[in-house]
1. Can Met58 be described as surrounded by 15 or more Cβ atoms within 10 Å (Cβ to Cβ) and more than 15 Å from ligand 2 (Cβ to nearest atom)?
2. Looking at this structure, is Lys161 out of contact with any Pro (no Cβ under 9 Å at 6 or more places or on another chain), of a type in the set (Lys, Arg) and under 30 Å from Ala50 (Cβ atoms)?
3. For the condition surrounded by fewer than 17 Cβ atoms within 10 Å (Cβ to Cβ), more than 15 Å from ligand 1 (Cβ to nearest atom) and either of a type in the set (S, T, N, Q) or farther than 27 Å from Leu270 by Cα (or both), what is the one hit in Gly206, Gly155, Gly171?
4. In segment 217-229, is there at least one residue being buried (at least 16 other Cβ atoms within 10 Å of the Cβ), among the hydrophobic types (A, V, I, L, M, F, W, C) and in contact with a Ser or Thr (Cβ under 7 Å, 6 or more places away or on another chain)?
5. Among the candidates Leu79, Leu120, which residue alone is within 14 Å of ligand 2 (Cβ to nearest atom) and farther than 17 Å from Cys15 by Cβ?
6. So which residues in segment 187-203 are within 11 Å of ligand 1 (Cβ to nearest atom), of a type in the set (Val, Ile, Thr) and surrounded by 14 or more Cβ atoms within 10 Å (Cβ to Cβ), if there are any at all?
7. Filter segment 26-50 down to the residues that are under 17 Å from Ile5 (Cβ atoms), out of contact with any Lys or Arg (no Cβ under 7 Å at 6 or more places or on another chain), away from ligand 1 (no atom under 16 Å from the Cβ) and not β-branched (Val, Ile, Thr) and list them by number.
8. Where in segment 176-290 are there helices (runs of 4 or more DSSP H), lying wholly inside it, with at least 3 residues that are at pLDDT 95 or above and closer than 30 Å to Thr158 by Cα?
Amino acid sequence: MLKNIGIIGAGQMGCGIAHVSAAAGYRVHIYDLSQDRIESGLATINGNLARLVTNGKMTDEERKATLSRISGSADVNDLAPSDLVIEAATEDESVKRKIYSQVCPVMKPEALLATNTSSLSITRLAAATDRAERFMGIHFMNPVPVMKLVELVRGIATDEKTFTAAKEFVGSLEKTVTVAEDFPAFIVNRILLPMINEAIYTLYEGVGTVDAIDTAMKLGANHPMGPLQLADFIGLDTCLSIMQVLHDGLADSKYRPCPLLVKYVEAGWLGRKSGRGFYDYRGEVPVPTR
Ligand SMILES: CC(=O)CC(=O)SCCNC(=O)CCNC(=O)[C@H](O)C(C)(C)COP(=O)(O)OP(=O)(O)OC[C@H]1O[C@@H](n2cnc3c(N)ncnc32)[C@H](O)[C@@H]1OP(=O)(O)O
Ligand SMILES: NC(=O)C1=CN([C@@H]2O[C@H](COP(=O)(O)OP(=O)(O)OC[C@H]3O[C@@H](n4cnc5c(N)ncnc54)[C@H](OP(=O)(O)O)[C@@H]3O)[C@@H](O)[C@H]2O)C=CC1
């Protein structure tokens, strides 16, 4: 029976997972490198919970109780009581490997470790832990409090007990599970990211402006967000990492990351989280940057 959930990374996904886990009654501890990051993550969670109260979807007592179940610190040792740790740090294999080398010695031997990776091999990540049979992918979608789907991905060594526990955990959050095999970017991102990358090529080749491309896909294909708006929302660094994993892992030139995406990431224009991407978010309304 899982009670204590540890989260690694106080970014948009880590905070979203913390939010829905605490709302479902779990005790949650968030670990990140800096206390400032954690404080701003907790403020985001509080803002999202407050919006639910305003919209009549949660009482103020439930908001307070949910928040009281979440703690945070920049000390990895505080993850020791966790029954399940979900790693939601930057989409970079070397970063995740380093984290596992620090967190595994701290964790209870029987505790489960999961990654929220968007694309990386679960089997390869599992091999960097001391518990490959108790390791798997639990892939939430952004924004976590709103999106209904979670992809579950087994590594080659993941045991059935771990898979069942993960499935029950996701069910307790009232999310729907799909099972994906351990292939680069799984199901959602195998399909979604090439579409986003193609939208960026469409911009790069001058077929349309940012506004034209997003309007076309919103009104012409009924997508809730245009692909460039969505890329900014996901984070352009994450989009580029996923395309690189697809390109390297499937060895097909159709997954080549658009050079414009590379350029934006090199400029530090990572989308909403850095204030600028295909749109500039620093003013009152987002303004296209091309
Ligand atoms: C990269 C990966 O590995 C995998 C991925 O996650 S890929 C990304 C998958 N996600 C998507 O494709 C999202 C596409 N976009 C959408 O579905 C919608 O634009 C959206 C749900 C994000 C917002 O919907 P909208 O109708 O445009 O806006 P809005 O009316 O403001 O919001 C709808 C609800 O979502 C909530 N919401 C919006 N953004 C939110 C956020 N970042 N965090 C929490 N809640 C949020 C709002 O509070 C609102 O809730 P109520 O219904 O209670 O009012
Ligand atoms: N964005 C999305 O739409 C989705 C992302 N994902 C996946 O979730 C994961 C997180 O993505 P997302 O939340 O968007 O990314 P963010 O950039 O918002 O957050 C990542 C967080 O991890 C922290 N971090 C980096 N290195 C370490 C470390 N060594 N120890 C602890 N924390 C660390 C970062 O801190 P700092 O900023 O200080 O570096 C940051 O707070 C990635 O694997 C991503 O692929 C999955 C589904 C959707």
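1. On the way: surrounded by 15 or more Cβ atoms within 10 Å (Cβ to Cβ): yes; more than 15 Å from ligand 2 (Cβ to nearest atom): yes.
It is true that Met58 is surrounded by 15 or more Cβ atoms within 10 Å (Cβ to Cβ) and more than 15 Å from ligand 2 (Cβ to nearest atom).
2. Working: out of contact with any Pro (no Cβ under 9 Å at 6 or more places or on another chain): yes; of a type in the set (Lys, Arg): yes; under 30 Å from Ala50 (Cβ atoms): no.
No: the conditions fail for Lys161.
3. None of the others qualify; the one that does is Gly171.
4. There is no residue in segment 217-229 that is buried (at least 16 other Cβ atoms within 10 Å of the Cβ), among the hydrophobic types (A, V, I, L, M, F, W, C) and in contact with a Ser or Thr (Cβ under 7 Å, 6 or more places away or on another chain).
5. Values: Leu79 fails: farther than 17 Å from Cys15 by Cβ.
Sole residue among the options that is within 14 Å of ligand 2 (Cβ to nearest atom) and farther than 17 Å from Cys15 by Cβ: Leu120.
6. First pass over segment 187-203, keeping only residues within 11 Å of ligand 1 (Cβ to nearest atom): 187-193, 195-196.
Checking which are of a type in the set (Val, Ile, Thr) leaves us with 187-188, 191, 196.
Once the filter is applied, which keeps residues that are within 11 Å of ligand 1 (Cβ to nearest atom), of a type in the set (Val, Ile, Thr) and surrounded by 14 or more Cβ atoms within 10 Å (Cβ to Cβ), segment 187-203 yields Ile187, Val188, Ile196.
7. His29, Tyr31, Asp32
8. On the way: elements: 188-204, 210-220, 227-234, 236-250, 259-266.
It comes to 188-204, 236-250.
The values are calculated or read from the model by the stated rules, or taken from the named source; none is laboratory data. None of the values given here were measured: they were computed from a predicted structure. Backbone-built Cβ (ideal geometry, glycine too); neighbour counts: all protein chains shown.
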